[in-house]
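What follows is a short report on a single structure.
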Amino acid sequence: MKHLDRIYVDFHVIQTVPPSCVNRDDTGSPKTALYGGVRRARVSSQSWKRAMREMFCEDLDEKDLGIRTKRVIGLVKEELLKIKTDMPVKDAQNMAEKVVKASGISTEKKKNEDEEKTKALFFISRTQAHSLADYILANQDAADKDIKKEAKRLLNQNHSIDIALFGRMVADDPSLNADASAQVAHSISTHRVDNEYDYFTAIDDLAPDDNAGAGMIGVVEYNSSTMYRYATVAVHNLVEELGGEKEATATAVGEFAKAFIQSMPTGKQNTFANRTLPDAVLVTIRRDQPINLVGAFEEPVRTVEGGYVNPSIARLEEYAEQVYDQYVDVPEKAWAIGMDGQAESVNLKDLLQGLQDTLIQDMESFVKE
């Protein structure tokens, strides 16, 4: 399959995050970043992508999702036992080890562990695990070079939606890499942020009545912010990773959009109950290049009263118009929630439906060789 054009979907979100510690560093403090000369609240892209993958599990079938694990051999063994239920477990284990090792994935068996595992986490779809199991069961006596060739081929097709979106990197064997079709930026506050500290105590319920002291004391660091979040999906890459299936590609972008807009990392969630939804969303379709509009906030938003949301939305709209006027054309299509500007005002349901319908139509520029 070849593509005749490029299609990028850009996602821009303004979102208030209340007092919380959504994403922490190695010291337990909320992550931050210096931008525009001032300290900003930050949530890493890895943290938000994990939250998105968790949301995928709510809406997508298990077969459409990948598993990031070191237990690849065990996963293939499970598939073997599903295919042939009367197979001895030991035989399934040996066959799974044979095909996984032949594929080029490095494995090791540590002391005091019964199971051999891959040396690094490996992102694999259930369909790929099933394909490996099905192949080795039917080709137990095949030559090692033939098993290696076929195992690599099977691991490079039938990618799950999340593998196609977020990619797969295999340091030991780059031939097993999968290019990511999506990019997610670190989210940062549109304004300066200073971390605060919550001093808390816990009472021992069984302490004697004459004991007025606390059973435990502690401190948790937190901040609150209005954040700018950005992500982009290269649809022309995604459709190739998903085998040219246009409807599956449109569905994948729709699920990505929903998860990016609605998900929230779970750090300290029980403590802060910080689940919020965006205050404003802008989704655009472009054919030239993806555009991160974080430059709108290089000069931090400042406000005496009235909050940061409205000034941040206004700044984003103003900066987008400036970029369109000076560097690139306006988007081919744009939808907005909670903001005006050069976009169709919609709710989330209509945004997702309109996005998928438009992409299916736009992907008519893709043809199979």
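The values are calculated or read from the model by the stated rules, or taken from the named source; none is laboratory data. These numbers come from a predicted model, not from an experiment. Note that we place each Cβ from the backbone using ideal geometry, even for glycine, and neighbour counts take in every protein chain shown. With ligands, DNA and RNA removed, areas are computed over all heavy atoms of the protein, side chains included. Shrake-Rupley method; radii C 1.70, N 1.55, O 1.52, S 1.80 Å.
Between segment 201-250 and segment 17-69, how many Å separate their Cα centres?
First find each Cα centre; the distance between them is then 6 Å.
Where only protein heavy atoms count, and the probe is 1.4 Å, what is the accessible area per residue for the chain in Å²?
Here the per-residue accessible area is 51 Å².
Please compare each pair in 98/119; 90/149; 98/149 to a cut-off of 20 Å on the Cα-Cα distance and tell me which ones are over it.
90/149
Whenever you get a sec, compute what percent of the accessible area on the chain sits on carbon and sulfur atoms (1.4 Å probe).
Using a 1.4 Å probe with all protein chains present, the chain comes out at 44 percent carbon and sulfur.
Taking only Cα atoms and a 10 Å spring cutoff, compute GNM fluctuations for the chain and point out the largest among 251, 16, 27.
Among 251, 16, 27, the largest mean-square fluctuation in the Gaussian network model of the chain belongs to 27.
Express in Å², to the nearest 10, the accessible area of residue 364 obtained by rolling a 1.4 Å probe over the protein heavy atoms while all chains stay in place.
120
Please report the net charge: other residues with Cβ closer than 13 Å to the Cβ of residue 150, K and R +1, D and E -1.
With Lys, Arg at +1 and Asp, Glu at -1, the net is +3.
Cα gyration tensor of segment 86-216, axes a ≥ b ≥ c as square roots of the eigenvalues: rounded (a/c below 1.5), prolate (a/b > b/c) or oblate?
Because a/c hits 1.5 or more and a/b fails to exceed b/c, segment 86-216 counts as oblate.
For P(r) over Cα pairs in 20 Å bins from 0, in percent, one of [x] 20, 35, 32, 13, 0; [y] 25, 47, 25, 3, 0; [z] 24, 45, 23, 7, 0 was computed from the structure I shared and the rest are decoys. Which label?
It is the one labelled [y].
Using the Kyte-Doolittle scale, find the helices of the chain whose mean hydropathy is at least 0.5 and whose Cα atoms extend 15 Å or more along the helix's long axis, counting only whole DSSP H runs.
72-83
Among 202, 234, 296, whose Cα sits farthest toward the positive end of the charge dipole of the chain (+1 at Cβ of Lys/Arg, -1 at Cβ of Asp/Glu, about the Cα centre)?
The listed residue farthest towards the positive side: 234.
How large is the helix-only mean residue ellipticity at 222 nm for the chain, computed as the sum of -39500 (n - 2.57) over DSSP H runs with n ≥ 4, divided by its residue count, in deg cm²/dmol to the nearest 500?
So the calculated ellipticity at 222 nm is -11000 deg cm²/dmol.
Do the alpha carbons of any pairs in 84/111; 31/349; 110/145; 77/145 sit beyond 25 Å of each other, and which pairs?
Flagged as over cut-off: 84/111; 31/349; 110/145.
How much length is gained on full extension from residue 365 to residue 348, taking 0.36 nm per residue of separation minus their Cα-Cα distance?
Taking residue 365 through residue 348 to full extension adds about 3.4 nm, to one decimal.
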